[in-house]
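Everything on this sheet refers to the single structure shown next.
Here, each number is a calculation from the coordinates, and none is a lab measurement. Only a predicted model underlies this, so the values are computations on that prediction, with no experimental measurement involved. Ideal geometry is used to build each Cβ from the backbone, glycine not excepted, and the neighbour counts take in all protein chains shown.
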Amino acid sequence: MQNPIPDYLREVLDALRDDTSGERAGYIPELAEAHPDYFALAVTTAMGSTYTAGDAGIEFTIQSISKPFAYAAAIMDRGLDQVLERIGVEPSGEAFNELSLEAGTNRPKNPMINAGAIAAHGLLVGADATGEQRVDRALELFSALAGRQLRIDESVFASELGTADHNLSMAHMLRKHGIIADDPHEVVAGYTRQCSILVTVADLSAMAATLANGGVQPCTHERIMDEATARQVMSVMAVAGMYDGAGDWLTRVGIPAKSGVAGGLVGVLPDQVGIGAFSPRLDSHGNSQRSRRAFERLSTDMGMHLL
Ligand code: DON
C-alpha cells in the first residue's frame with residue numbers, strides 16, 4: 001500500500017492555498033522580493049522517515065528559526081548556568097524585536113527574541129572565539145542537525161546587515177549591561193549570518209526531529225546534543241517560540257514551535273515528529289500565515305496537541 005502521509009500533506013496545502021493574506025517581511029529588502037506563493041510542508045519522524053509536499057525543493061533563509069538551535073549550541077559550549085546568567089527563560093509578551101530586558105538582571109527575557117538570540121550568538125564557542133568561529137559553529141551545527149551541508153545566502157545577509165540598525169542598537173545596550181562581551185557590530189554581523197543560512201522544509205523537519213529524538217539526528221544517528229539540552233530548547237520554544245502569540249499558539253496548536261520572517265515555521269512533538277512549513281506571507285506577529293494554519297490543521301486532524 002502507498003504511504004498516505006504525502007497525500008495528506010498535499011491535501012493540507014491545497015486546502016489553504018487560497019489564503020493570500022499577510023505580507024512578506026518588509027524590513028529586510030531581499031525578503032520583500034521573495035516569491036509570495038511558495039508553500040511547502042515536511043514531516044520527519046523520530047525514527048528517521050521524511051515526507052514532503054509542495055515546494056519542498058525551495059531554499060529560504062532560516063532567520064529566527066536559527067534561535068533555538070543556536071541556543072542549544074550556546075548551552076553546549078558554555079554550560080546552562082553561564083547561559084542562564086545572561087539570557088532568561090520567560091515569555092516576553094512583546095514583539096520579537098523589542099529589547100525586553102528583565103528588571104534587575106538586565107538579561108533579555110528569553111533566547112527566542114532578537115535580543116536574547118544576539119546574546120546567545122555572542123556565547124558560541126567560548127570567551128576567546130572570533131566572529132568567524134562563532135558563525136562556523138552555527139553553520140556546522142545546523143548542517144549536522146539537517147543531515148547535509150548547509151550554506152549562507154550572502155545577498156540576504158548583506159541586505160539585512162545593511163538595514164540592521166535596530167539589532168545594532170540593542171546589541172550596544174547588551175554590551176553596556178555586560179550581556180555580550182564582544183564588539184556589538186561583530187556579534188550582530190555573526191547573528192545575521194546565522195539567520196541567513198539557507199534551508200528547505202525537510203531540513204527544518206530533520207532539525208526538529210533531532211530535538212524530538214532527544215538530541216540524536218534520526219537519519220544519520222549522530223548524537224548532536226544531550227537530552228537535557230534538547231529538553232531545555234523545546235521548553236523555551238513552548239514558552240516563547242511564537243513571541244507575543246506564544247500563549248495563543250500553545251493553547252490552540254499545542255506544539256512547541258519557532259517561526260522565521262522568511263516564512264519558515266518549525267514544530268516539535270517530543271518522541272514523535274519534527275515538522276517544517278514554509279510560506280512567505282506573515283501575520284501581524286511576524287509568523288507565516290499559511291504555515292501557522294497548516295500547523296493548526298495538522299494538530300486538529302492528527303491529535304497532535306501535547307496536552
Ligand atoms: O534579526 C532579525 O530581525 C531577523 N534576522 C530574524 C527575525 C525573525 O525571523 C522573526 N521571526 N519571525
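Under 10 Å, Cα contacts only: if you run a Gaussian network model on the chain, which one of 193, 17, 281 comes out with the highest mean-square fluctuation?
17
Can you give me the Cα centroid spacing of the stretch 13-63 and the stretch 132-183 in angstrom?
Between the Cα centres of the stretch 13-63 and the stretch 132-183 lies a distance of 22 Å.
Using alpha carbons only, what's the Rg to Rh ratio of the chain with Rh from Kirkwood?
Over the Cα atoms of the chain, Rg/Rh equals 0.94.
Quick check: Cα centre of the stretch 257-294 to Cα centre of the stretch 219-249, how many Å?
14
Taking the number of other C-beta atoms within 10 Å as the exposure measure, put 248, 128 in order starting with the fewest.
Starting with the residue having the fewest Cβ neighbours, the order is 128, 248.
Could you work out [θ]222 nm for the chain from helices alone, using -39500 (n - 2.57) per DSSP H run of at least four and dividing by all its residues? Round to the nearest 500 deg cm²/dmol.
-14000 deg cm²/dmol
Give me the compactness ratio for the stretch 78-161, meaning the Cα radius of gyration over 2.2 N^0.38 Å.
Relative to the rule-of-thumb radius for its length, the stretch 78-161 sits at 1.22.
For the stretch 174-253, what is the charge dipole size about the Cα centre, in debye to the nearest 20, if Lys and Arg each add +1 at the Cβ and Asp and Glu each add -1 at the Cβ?
That gives a dipole near 100 debye.
Between rounded, prolate and oblate, where does the stretch 188-253 land on the alpha carbon gyration tensor, with a ≥ b ≥ c its root eigenvalues, rounded for a/c under 1.5, else prolate if a/b exceeds b/c?
oblate
What size of dipole, in debye to the nearest 20, comes out for the chain about its Cα centre when the only charges are +1 on Lys and Arg C-beta atoms and -1 on Asp and Glu C-beta atoms?
380
Placing +1 on the Cβ of each Lys and Arg and -1 on the Cβ of each Asp and Glu in the chain, which of 198, 159, 269 has its Cα farthest towards the positive end of the resulting dipole?
269
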